[in-house]
Amino acid sequence: MLEIDPASPVALHEQVAAAIRRAIVEGEAGAGERLPPARDLAAVLGVNANTVLRALRTLRDEGLVEFRRGRGVSVTGIAPQRSPVVAKARELVTLARRFGYQPHELAAIIDQVSVEPQ
């Protein structure tokens, strides 16, 4: 499900791109599948259609989607890599266990640092 947070310090178009990227990684949008029109995505997300178009251009530049005249935007066969995120998460869990943190404590730490300014 695509969700964005208007209160987040992350730009809206980056949130939209991340949500679509995640949908592709999770298999919600497969290779060759057409995405809904930008206007429809914008309405669902509560953002301007230009925000969605900017996100889609980012994904096009990454090779994840392609624009086809008269056919809309389709997912390419190239999937983004989730493995670097999963690998880092595993490293973090291993480190946290070594220092005696429980999963819920680690989740609380992640929540805390994710809202701190960088």
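Values in this text are rule-based calculations from the coordinates and carry no lab data. The structure presented is a predicted model; accordingly, all values stated were derived computationally and were not measured. Positions of Cβ are generated from backbone atoms using ideal geometry, with glycine treated the same way; all protein chains shown enter the neighbour counts.
For the stretch 1-44, the tally of residues that are part of a loop (DSSP other than H, G, I, E, B) and either within 15 Å of the chain's Cα centre (by Cα) or touching a residue at least 12 places away in the same chain (Cβ under 8 Å) (or both) stands at 20. Can you list residue pairs whose Cβ atoms sit under 9 Å apart, with the first residue in the stretch 104-118 being touching a residue at least 40 places away in the same chain (Cβ under 8 Å) and the second being outside any helix (DSSP H, G or I)? Count only pairs 6 or more apart in sequence or on different chains. Every condition considered, the pairs that remain are 117/9.
Applying the criterion of being in contact with a strand residue (DSSP E or B) (Cβ under 9 Å, 6 or more places away or on another chain) and under 21 Å from residue 11 (Cα atoms) to the residues of the stretch 38-71, the residue that is surrounded by the most Cβ atoms within 10 Å (Cβ to Cβ) is 65.
Of the helices (runs of 4 or more DSSP H) lying entirely inside the stretch 45-118, those containing at least 2 residues that are of a type in the set (Val, Ile, Thr) and within 30 Å of residue 32 (Cβ to Cβ) span 49-61, 83-98. Checked against (1) surrounded by 11 or more Cβ atoms within 10 Å (Cβ to Cβ); (2) among the small types (Gly, Ala, Ser); (3) under 28 Å from residue 113 (Cα atoms), residue 74 meets all criteria but (3). A Cβ distance below 9 Å, combined with a sequence gap of six or more or placement on separate chains, defines the contacts here; from the stretch 87-103, residues that are aliphatic (A, V, I, L, M) reach residues that are in a helix (DSSP H, G or I) in the pairs 92/106; 92/110; 93/103; 93/106; 96/103; 96/105; 96/106; 96/109.
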